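Following: one structure in structure tokens, then a few remarks.
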Amino acid sequence: MRNKRGAPMAPSRRTSGNLAATRQAVYAEDMTDSTDEHLASQYEAYPYPKRDPREEAKRLIVGTPSHIREIDYWIFGGARSASLPLNALIAGGGTGDATVMLAQQMTTLKRPGTVTWLDRSSAARSIAQGRAAVRKLENVLWEERSLLDLPGSGLGPFDYIDCCGVLHHLPDPAEGLRALLSVLAPGGGMGLMVYAPHGRTGVYMMQEALRRLAPATEQPSQRLDVARRVMRHLPETQWLRANRHFDDHINGGDAGLYDLLLNPRDRAYTVPELDALLASVGLRIVCWVEPVRYDPIAMLPEPKLRARLEAMSPTERAAVAEALAGNMAVHIVYCVRANDPVRSPDPMADAAVPVLREVDGQTLASGLRPDGTLPVMFDGLRLPIALPPLATAILPLVDGVRSVGEIRATLAGRGLKPDAIEKAWRATFTTLERINRLLLAAPRLNLD
Ligand SMILES: C[S@@+](CC[C@H](N)C(=O)[O-])C[C@H]1O[C@@H](n2cnc3c(N)ncnc32)[C@H](O)[C@@H]1O
């Protein structure tokens with residue numbers, strides 16, 4: 001998993017209608033925020049996450065947000081041409097996970113555009129650059145600066161902005177979002193990740209103990225030494241011991257342990273808090289990843305409960321799911337400007353091209369249990385993912401090239417009735433879309 005959250009939020013910055021004045025005010029406030037200085041020192045001493053450029057020769061780290069297929073589908077509704085250049089900003093790019101993933105995917109798929117890595121950590125930059133160099137990526141730009149300086153910077157506009165595990169560390173996350181919005185192109189969108197409280201049970205207790213034992217004013221290396229010693233004596237009742245939703249403090253090296261337990265500022269957002277934060281800056285959530293996790297109907301399959309849940313707004317339902325499951329350590333969302341038109345991709349359209357993520361249709365079909373369910377775990381939570389019997393015939397036809405019309409025709413050629421095909425395709429697509437596995441590809445239009 002890429003990234004994390006903690007302490008109470010600082011009071012909101014006041015904004016000015018004048019961009020230059022706003023920028024100056026932000027700069028002045030940053031300089032007086034010693035917590036932010038400690039945060040900057042942390043990521044200089046322990047660039048996050050721990051990565052070794054040599055590993056790029058062996059594997060590509062793929063995740064969410066900012067997978068090219070997710071951007072195409074969740075932000076652009078599968079309607080933005082793959083031939084249009086995509087200019088992406090990875091704000092607080094760290095050691096390069098999203099930058100490398102997206103730039104590599106765009107290179108492999110021959111998608112035009114650029115990925116701009118931006119972060120204020122020079123240590124993180126040299127690792128991220130090393131990774132991009134191993135892959136010989138030619139579509140990455142590098143900006144070493146604060147994301148709070150974006151307004152008036154001349155950078156952008158960007159069609160897509162990733163900000164993963166960064167906003168919750170800022171003195172004022174809303175100000176950070178406004179800075180990002182200032183460089184978001186019309187019709188563009190963002191992929192964000194912030195910490196969520198319930199799945200991080202134990203983290204904030206440990207942060208408090210360590211803040212007292214090793215204050216942020218000490219050298220990062222001294223603080224880390226204290227944390228390592230404490231971890232050796234963690235009482236058996238400490239909730240962190242029972243929490244299996246992340247392992248950064250165990251397997252993430254110095255950077256992981258520091259980021260989780262010694263971070264000078266991180267805070268977690270519940271579903272309603274994140275929704276309110278985004279609404280306060282004029283953003284609307286178009287997808288909580290994975291959608292099925294945010295739908296409590298999947299956890300409460302009783303008609304009476306279902307009726308109550310169906311009467312709720314999607315955000316209320318998502319809040320129920322979060323509190324009920326108790327295992328969400330982060331929230332990942334895709335969002336667009338609140339006033340932008342709602343994009344409703346149509347998986348039934350003949351021209352739509354369905355695409356599976358990180359799995360081919362044949363493999364997925366053969367992974368189905370005899371009862372038609374797909375075994376999937378979400379941080380220890382098993383949810384029923386039931387596909388129609390015809391899914392075993394449909395899935396091998398999904399190759400990211402065939403259109404829905406072609407899949408229909410192939411199935412009809414095998415003697416299947418149109419009604420049965422329609423029903424099975426809709427159910428297959430909807431079920432797998434809700435686990436973020438089956439999406440619609442960006443159309444390849446000839447723009448000449
Ligand atoms: C936890 S790391 C996340 C890195 C990366 N986004 C990922 O998910 O792997 C947080 C990153 O945010 C960066 N950061 C924090 N405040 C920043 C700011 N004001 N401007 C730019 N980068 C910032 C840090 O330097 C650090 O690299």
To the nearest 20 debye, the chain has a Cα-centred charge dipole, built from +1 on Lys and Arg Cβ and -1 on Asp and Glu Cβ, of 720 debye
Rounded to two decimals, the Debye log10 I(q)/I(0) of the stretch 194-278 (Cα scatterers, no solvent) at q = 0.16, 0.17, 0.25, 0.26 Å⁻¹ is -0.63, -0.70, -1.31, -1.39
Ignoring ligands and nucleic acids, residue 122 exposes an accessible area, probe 1.4 Å, in Å² to the nearest 10, of 50 Å²
Helix 271-280: inclination vs the chain longest Cα principal axis, degrees, rounded to 10, gives 80 degrees
For the stretch 190-197, Karplus-derived ³J(HN,Hα) couplings (6.51, -1.76, 1.60; θ = phi - 60°; whole Hz; x for glycine and proline) come out as 10, x, 10, 10, 10, 5, 10, x
Note on the chain: contact order normalised by length, alpha-carbon pairs under 8 Å, 6 or more apart, percent, works out to 19 percent
About its Cα centre, the stretch 347-448 carries a charge dipole, from +1 on Lys and Arg Cβ atoms and -1 on Asp and Glu Cβ atoms, whose size in debye to the nearest 20 is 240 debye
Dividing the mean separation of Cα pairs under 8 Å (6+ apart) by the residue count of the stretch 96-214 yields a relative contact order in percent of 22 percent
Quotient of Cα radius of gyration and Kirkwood radius for the chain, i.e. Rg/Rh, equals 0.97
Restricted to the chain, the DSSP antiparallel beta bridge percent, nearest 5, is 50 percent
Taking a probe of 1.4 Å and leaving out DNA, RNA and ligands, the stretch 186-234 shows per residue an accessible area in Å² of 47 Å²
With the charge dipole of the stretch 261-354 built from beta-carbon charges (+1 for Lys and Arg, -1 for Asp and Glu) about the Cα centre, the Cα from 262, 282, 307 projecting farthest to the positive end belongs to 262
Expected unfolding gain across residue 381-residue 58 under the 0.36 nm per residue rule, minus the alpha-carbon gap, is 113.2 nm
Nearest-0.05 FRET efficiency for residue 339 and residue 420 at R0 = 25 Å, using Cβ-Cβ distance, is 0.05
Whole-Å distance linking the alpha carbon centroid of the stretch 258-327 with that of the stretch 360-412 is 27 Å
Summing -39500 (n - 2.57) over every DSSP H run of at least 4 in the chain, dividing by its residue total and rounding to the nearest 500, the 222 nm mean residue ellipticity is -10500 deg cm²/dmol
Using eta = 1.567 mPa s and T = 4 °C, Stokes-Einstein with Kirkwood Rh from Cα pairs puts D for the stretch 289-429, in µm² s⁻¹, at 75 µm²/s
Residues whose modelled amide H sits under 5 Å from the amide H of residue 283, counting only those 5 or more places away in sequence or on another chain, are 338
Residue by residue through the stretch 291-300, the couplings from Karplus 6.51 cos²θ - 1.76 cosθ + 1.60 with θ = phi - 60°, in Hz, x for Gly and Pro, are x, 4, 5, 9, 10, x, 4, 5, 9, 10
Among 168, 222, 387, the residue whose Cα sits farthest towards the positive end of the charge dipole of the chain (+1 at Cβ of Lys and Arg, -1 at Cβ of Asp and Glu, taken about the Cα centre) is 387
Summed over the other residues with a beta carbon less than 9 angstrom from that of residue 105, with K and R at +1 and D and E at -1, the charge totals +2
About its Cα centre, the stretch 126-180 carries a charge dipole, from +1 on Lys and Arg Cβ atoms and -1 on Asp and Glu Cβ atoms, whose size in debye to the nearest 20 is 260 debye
Mean separation of Cα contacts under 8 Å (at least 6 apart) over the residue count of the stretch 145-296, i.e. the relative contact order in percent, is 26 percent
Per the rule of 0.36 nm per residue minus the C-alpha distance, extending residue 110 to residue 366 adds in nm 89.1 nm
Rounded to whole angstrom, the alpha-carbon centroid of the stretch 194-222 lies from that of the stretch 102-171 at a distance of 28 Å
Order by accessible surface, 1.4 Å probe, largest leading, for residues 343, 51 comes to 343, 51
Per residue, the convex hull enclosing the Cα atoms of the stretch 52-137 spans a volume in Å³ of 81 Å³
In degrees rounded to 10, the 0-90 angle between helix 404-413 Cα long axis and the longest Cα principal axis of the chain is 30 degrees
With x for Gly and Pro, the residue-by-residue ³J(HN,Hα) of the stretch 46-60, computed from phi through the Karplus equation 6.51 cos²θ - 1.76 cosθ + 1.60 at θ = phi - 60° and given in whole Hz, is 10, x, 10, x, 4, 9, 10, x, 5, 5, 4, 5, 9, 7, 9
A chain fully extended from residue 208 to residue 313 at 0.36 nm per residue, minus the present Cα-Cα distance, gains in nm 34.2 nm
Env charge @ residue 306, Cβ radius under 15 Å, K,R +1 / D,E -1, value -1
Amide H proximity to residue 86 below 5 Å, modelled H, separation 5+ or other chain, gives 113, 114
Whole-percent carbon and sulfur contribution to the accessible surface of the chain (1.4 Å, no ligands, DNA or RNA) stands at 54 percent
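The values are calculated or read from the model by the stated rules, or taken from the named source; none is laboratory data. Since the structure is predicted, the reported quantities are computational estimates derived from the model, not experimental observations. We place every Cβ from the backbone using ideal geometry, glycine too, and count neighbours over all the protein chains shown. Remember, those area values only see protein heavy atoms, side chains included, never the ligands or the DNA or RNA. Shrake-Rupley method; radii C 1.70, N 1.55, O 1.52, S 1.80 Å.
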